[in-house]
């Protein structure tokens, strides 16, 4: 009986904490990384969580390395598609011209 009471108390504390984090604009994220990188990821998360100049610097450093810019022109889109792993693949794509199937609505 004691263990059941402890679990419900812990669950309510966790629920309150998650609600408070959510109310301040936070989001819980769980990731799996190599063991050697765990301290690094925790440190980056801590800096981002704290805000300020450090968080801005981390975002400015990581964002260009991790994001793929959206193509703004047709030329950029063609270049993006040519860089695709499927660019050298011969694709034989044919449109399905069947009329489909009958569906009964009850």
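Values in this text are rule-based calculations from the coordinates and carry no lab data. Predicted model only: the values in this text are computed from it and were never measured. Counting neighbours? That spans all protein chains shown, and the Cβs are built from the backbone with ideal geometry, glycine included.
Divide by every residue of the chain the summed helix terms, -39500 (n - 2.57) for each DSSP H run of at least 4, and state the resulting mean residue ellipticity at 222 nm, rounded to the nearest 500 deg cm²/dmol.
-18000 deg cm²/dmol
Using only Cα atoms, find the angle between the long axis of helix 52-66 and the longest principal axis of the chain, and express it within 0 to 90 degrees, rounded to the nearest 10.
30 degrees
How would you rank 40-53, 77-90, highest first, on the average number of other Cβ atoms within 10 Å across their residues?
Working: 40-53: 11.5, 77-90: 9.1.
The most tightly packed comes first, giving 40-53, 77-90.
Can you tell me what percent of all Cα-Cα pairs in the chain are more than 24 Å apart? It would help to have the intermediate numbers written out before the result.
Numbers: 3568 of 5565 pairs.
Here the tail beyond 24 Å accounts for 64 percent of pairs.
Which order do 27, 39 fall in if you start with the one that has the fewest other Cβ atoms within 10 Å? Provide the component values of the computation, followed by the final result.
Values: 27 6, 39 10.
If I rank by nearby Cβ atoms, fewest first, I get 27, 39.
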